[in-house]
Amino acid sequence: MRLLPDTHLLLWSASGDSRLSAEAVQLLSDYENEVYFSTISIWEVAIKYARGRPEFVSDPRMFRDGLLSHGYRELAVSSEHAIGVASLPTIHRDPFDRLLVAQALAEGLTLVTADVALARYPGNICRV
């Protein structure tokens, strides 16, 4: 399976946070799965880290390096991804999350999230 975890799942996984469900741990650690991370997640971490948000304490460069060292593949943002946001229903207002949904749809990835609202979008979304 080709997976795209949302930003919170990436952060929880990197920090060993107890909010990461057993199902999420299994999906992200299964070597048969290809796990991607979006540059959108790095951008979100960088913005919120710079603002001093308490749940975003990871240095963005170290966060990215850690994801790469664990075998995650980086997914760049394309104009097609940005255009895809226009066709999404307004279920979720967070622009980072909406772009993650558009990326997953465009690339045929399964978006993995713990967010109830995000899981209501069309496409392959796995709520864990």
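The values are calculated or read from the model by the stated rules, or taken from the named source; none is laboratory data. Since the structure is predicted, the reported quantities are computational estimates derived from the model, not experimental observations. Don't worry about glycine lacking a Cβ; one is built from the backbone with ideal geometry, like all the others, and counts go over all protein chains shown.
Yes or no: segment 33-54 includes at least one residue that is in contact with a Gly (Cβ under 9 Å, 6 or more places away or on another chain) and of a type in the set (Val, Ile, Thr). Yes: one or more hits.
Select from segment 7-21 the residues that are among the polar types (S, T, N, Q) and part of a loop (DSSP other than H, G, I, E, B) and write down the one among them that is modelled with the highest pLDDT.
This residue is 21.
Condition check: more than 30 Å from residue 18 (Cβ to Cβ) and exposed (fewer than 13 other Cβ atoms within 10 Å of the Cβ). Does residue 117 satisfy that? Even if it seems obvious, please write down each step before you answer.
Details: more than 30 Å from residue 18 (Cβ to Cβ): no; exposed (fewer than 13 other Cβ atoms within 10 Å of the Cβ): yes.
So residue 117 does not fit the description; no.
Among the residues making up segment 105-121, those that are over 21 Å from residue 47 (Cβ atoms) and in contact (Cβ under 8 Å) with a residue 24 or more places away in the chain are 106, 107, 108, 109, 110, 112, 120, 121. Go through segment 32-75 and report how many residues are within 17 Å of residue 15 (Cα to Cα), touching a residue at least 24 places away in the same chain (Cβ under 8 Å) and of a type in the set (Gly, Ala, Ser). Of the residues in that region, 4 qualify.
Need the failing condition index for residue 36 against (1) closer than 16 Å to residue 114 by Cβ; (2) surrounded by 17 or more Cβ atoms within 10 Å (Cβ to Cβ), just the number. Among (1) closer than 16 Å to residue 114 by Cβ; (2) surrounded by 17 or more Cβ atoms within 10 Å (Cβ to Cβ), the lone unmet condition for residue 36 is (1).
Does residue 98 fit the bill of being part of a helix (DSSP H, G or I), under 13 Å from the mean Cα position of the chain (by Cα) and not small (Gly, Ala, Ser)?
Working: part of a helix (DSSP H, G or I): yes; under 13 Å from the mean Cα position of the chain (by Cα): yes; not small (Gly, Ala, Ser): yes.
Yes, satisfied.
For the subset of segment 22-75 comprising residues that are small (Gly, Ala, Ser) and part of a loop (DSSP other than H, G, I, E, B), which member is modelled with the highest pLDDT? Residue satisfying both the conditions and the ranking: 71.
In segment 62-112, what count of residues is obtained for those that are surrounded by fewer than 19 Cβ atoms within 10 Å (Cβ to Cβ) and touching a Pro at 6+ places or on another chain (Cβ under 7 Å)? Counting residues in segment 62-112 that are surrounded by fewer than 19 Cβ atoms within 10 Å (Cβ to Cβ) and touching a Pro at 6+ places or on another chain (Cβ under 7 Å) gives 0.
Enumerate the pairs (first residue in segment 7-24 and within 17 Å of residue 38 (Cα to Cα); second residue anywhere and assigned to a helix (DSSP H, G or I) and among the charged types (D, E, K, R)) with beta-carbon separation below 6 Å, excluding pairs fewer than 6 apart on the same chain, so at least 6 apart or on different chains. Hits for this filter: 7/44.
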